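S.K.: First the structure, which I've put down as structure tokens, then a few questions once you've had a look.
The values are calculated or read from the model by the stated rules, or taken from the named source; none is laboratory data. Computed from a prediction, not measured in an experiment: that's the story for all the values here. Cβ placement follows ideal geometry from the backbone for every residue including glycine, while neighbour counts extend to all protein chains displayed. Side chains are part of the model used for accessible areas, which takes the heavy atoms of the whole protein and leaves out ligands, DNA and RNA. Shrake-Rupley method; radii C 1.70, N 1.55, O 1.52, S 1.80 Å.
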Amino acid sequence: VVARSQSVRRTVAVSAPVPAARTEPPMAQTEAHLLARAITELRQQGDPRAALSTLDQYAQHFPHGVLEAESLRARLEALVEINDLKTALSLLDGKTTFTDPLDFDLLLTRAELRASAHRCGEAVVDFAQILEARAPRSMERALYGRAICLGRLGLDDRSRADLITYQQEFPLGSFLPEVKRLLLGQEVR
């Protein structure tokens, strides 16, 4: 009986399936999961610092990942949320190509950050690029932003022309009260 019992154990041990080796990275380390976690921390949990920490992990594990552009957008959103505008601007200053429709959102963000950093000359160039491309989601803010920057640069005639264009193209625009005030002659600076 003892010999038979040992024989059964050996048969069971030999015939039992061996668990397959894990070839995929653990779920917490996949590119999409890390980005999703960062976005959840940022937008649902309201914790931009935790999101930045997760985005740092993402950058470490996937330095040139397929979701790199989305990671940049989430990082910028988190940096703006914690009011680290200098770091946000430094990330965008290095970006030279804006061709995708979503890229115009980044270009607009860079233009606005440049304007808030008193770099209106550079901001005007960014705003002009958006306006020339007629990027639909960005037109209103770009026209207003350029008008403000032109005024700060002392180019009052050009600033006024943009304010008039804004008033005509966006008669219900969110900046209309300020545009009207500026057109009545109050200083832009």
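S.K.: Does segment 150-172 hold any residues that are over 27 Å from the mean Cα position of the chain (by Cα), of a type in the set (A, V, I, L, M, F, W, C), in a helix (DSSP H, G or I) and buried (at least 17 other Cβ atoms within 10 Å of the Cβ), and which are they?
M.R.: LEU163
S.K.: Does ALA123 satisfy being at pLDDT 95 or above, in contact with a helix residue (DSSP H, G or I) (Cβ under 6 Å, 6 or more places away or on another chain) and aliphatic (A, V, I, L, M)?
M.R.: yes
S.K.: Related question: From ALA123, ALA111, ALA147, ALA135, which residue is open to solvent by less than 20 Å² (accessible area, probe 1.4 Å), within 14 Å of GLU169 (Cβ to Cβ) and part of a helix (DSSP H, G or I)?
M.R.: Details: ALA123 fails: within 14 Å of GLU169 (Cβ to Cβ); ALA111 fails: within 14 Å of GLU169 (Cβ to Cβ); ALA135 fails: part of a helix (DSSP H, G or I).
Only one candidate passes the filter, namely ALA147.
S.K.: While we're on this one: Out of (1) farther than 20 Å from ASP105 by Cβ; (2) within 21 Å of the chain's Cα centre (by Cα), what's the single condition that is false for GLN129?
M.R.: (1)
S.K.: Would you call ALA78 more than 30 Å from HIS33 (Cβ to Cβ) and free of Cβ contacts under 8 Å to residues at least 60 places away in the same chain?
M.R.: Judged against the criteria, ALA78 is not a match.
S.K.: Hey, another quick one. Could you tell me whether any residue of segment 34-43 is open to solvent by 60 Å² or more (accessible area, probe 1.4 Å), part of a helix (DSSP H, G or I) and modelled with pLDDT of 95 or more?
M.R.: yes
This table checks each residue for (1) under 19 Å from ARG141 (Cα atoms); (2) surrounded by fewer than 20 Cβ atoms within 10 Å (Cβ to Cβ).
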residue: ALA50; (1), (2): no, yes
residue: SER71; (1), (2): no, no
residue: ILE82; (1), (2): no, yes
residue: LEU91; (1), (2): no, yes
residue: THR96; (1), (2): no, yes
residue: LEU102; (1), (2): yes, yes
